[in-house]
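Trainee: Structure in structure tokens, see below.
None of the figures in this text is laboratory data; all of them are computed from the coordinates on show. Remember, it's a predicted structure, so these values are computed and weren't measured experimentally. Here Cβ is always computed from backbone atoms with ideal geometry, including for glycine, and neighbour counts include all displayed protein chains.
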Amino acid sequence: MKRCTQMILAGAALLSPVLNAWAADAPSSQVSGSVAVVNDYLFRGLSQTNRQPAVQPGIEYDNASGWYLGVWGSNISWLSDGSTTVAPISSSLEVDVYGGYRGSFSGDWSYDVGLYEYAYPGNYPAGFTSPYTTEAYASLGWKGVSLKYSSTLTNLFGFPNSTGSGYVDLSWNVEFSPGWTFNSHVGHQTVANTSGFDYTDWKIGVTKAFANGYSVALGYYDTNAARSSYTNAAGHYLGRATGILTLSKSF
């Protein structure tokens, strides 16, 4: 995990001067970033690190016109967890690149459209379907409620013949006391042309924001993902109910 974290931070450090230069050219634009530590990296309710901690840095450039570009990363193990001596997989890193356009209208309404690329550098056996995934997404928000839909333009995370898979995400986040935010979410993943892998995930939690960009979040997550479909080679069910603690620093 240490090596993966160093690679992610090094990539963010290389990109930061470029994004800062863009921001300097547009005075009302900005570059922001964050680093988070979690006890288990969950993505759409499924563990990506086999119940182990993850370090997750990211950086984003926001143009005054509404355009944005970002990079985010994390250590992972879900690919190598299924590795065998016959079909070895060495990937232990996720690097995401995304960009889009966001804005607001009529006061409390907001929208966001863009593309998201999930990359998993590593070595894969011959014939292995690439886990690299590209999604197009669009969301509509009103106050603390948002509805987002993502659709794959490629295969979905290594599922063969799965282009057109979709994920719908309904979230509600509301500040109920200064510095305290209630978080809730329900999502549904469909995997095109593959039966038995569709599932729903949900969460409920709270986030406390502190001074100087620090925050801590605690959430309860669960899914109805089929055990037969989402149990790894070690016998661990990846969609189990779990509590996630997140410590983060924004800058």
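Trainee: Under the classification rounded if a/c is under 1.5, otherwise prolate if a/b is larger than b/c and oblate if not, where does segment 82-170 fall, given a ≥ b ≥ c as square roots of the Cα gyration tensor eigenvalues?
Mentor: Details: a/c = 3.36, a/b = 2.75, b/c = 1.22.
It comes out prolate by the Cα gyration axes.
Trainee: While we're looking at this one, here's another question. Calculate the spin-label point distance for residue 163 paired with residue 43, positioning each point 7 Å from the Cα along the beta-carbon direction, and give it in nanometres.
Mentor: Label-label distance for residue 43 and residue 163, simple model: 2.1 nm.
Trainee: If you plug each phi of segment 70-83 into the Karplus form 6.51 cos²θ - 1.76 cosθ + 1.60 with θ = phi - 60°, what whole-Hz ³J(HN,Hα) values come out, in order, with x for Gly and Pro?
Mentor: x, 9, 9, x, 7, 6, 9, 9, 5, 7, 6, 4, x, 6
Trainee: Tell me the mean residue ellipticity at 222 nm calculated for the chain from its helices only (DSSP H runs of n ≥ 4, each -39500 (n - 2.57), averaged over every residue, nearest 500).
Mentor: -3500 deg cm²/dmol, from helical runs alone.
Trainee: Oh, and also: Apply the Karplus parameterisation 6.51 cos²θ - 1.76 cosθ + 1.60, with θ equal to phi minus 60°, to every residue of segment 221-237 and state each ³J(HN,Hα) to the nearest whole Hz, in sequence, with x for glycine and proline.
Mentor: Once θ is set to phi - 60°, the couplings for segment 221-237 become 10, 7, 8, 10, 4, 5, 4, 5, 9, 10, 10, 7, 5, 7, x, 8, 6 Hz.
Trainee: Using the crude model of +1 on Lys and Arg Cβ and -1 on Asp and Glu Cβ, and no other charge, please compute the dipole size for the chain relative to its Cα centre, in debye to 20.
Mentor: With Lys and Arg at +1 and Asp and Glu at -1, about 520 debye.
Trainee: In addition: Leaving out same-chain residues fewer than 8 places away, which aspartates and glutamates sit with a Cα under 20 Å from that of residue 208?
Mentor: Candidates past the 8-residue exclusion: 40, 175.
Trainee: With an 8 Å Cα cut-off and a minimum separation of 6 or more residues, compute the relative contact order for the chain in percent.
Mentor: Result for the chain is 14 percent.
Trainee: By average Cβ neighbour count within 10 Å, what is the ranking of 170-180, 213-223 from highest down?
Mentor: Ranking the peptides 170-180, 213-223 by packing returns 213-223, 170-180.
Trainee: Set the Förster radius R0 to 45 Å, insert the Cβ-Cβ distance between residue 115 and residue 206 as r into 1/(1 + (r/R0)^6), and round the FRET efficiency to 0.05.
Mentor: 0.90
Trainee: If packing is taken as the average count of other Cβ atoms within 10 Å, what order do 126-132, 161-167 fall into, highest mean first?
Mentor: Output ranking for 126-132, 161-167: 161-167, 126-132.
Trainee: In nm, what is the difference between 0.36 nm times the number of residues separating residue 102 and residue 224 and their Cα-Cα distance? Working shown, then result.
Mentor: On the way: separation 122, 0.36 × 122 = 43.92 nm, distance 3.20 nm.
Contour length minus Cα-Cα distance gives 40.7 nm.
Trainee: Kindly state, to the nearest 0.05, the FRET efficiency for residue 65 paired with residue 195, given R0 = 51 Å and r defined as their beta-carbon distance. Before the final figure, lay out each step's value.
Mentor: On the way: r = 44 Å, r/R0 = 0.86.
In this case the efficiency is close to 0.70.
Trainee: Here's another thing I want to ask about it. Using 0.36 nm times the number of residues separating residue 52 and residue 140, minus their current alpha carbon distance, what extension gain do you get? Kindly include the intermediate steps, with their values, before the conclusion.
Mentor: Details: separation 88, 0.36 × 88 = 31.68 nm, distance 3.34 nm.
Additional length available on full extension: 28.3 nm.
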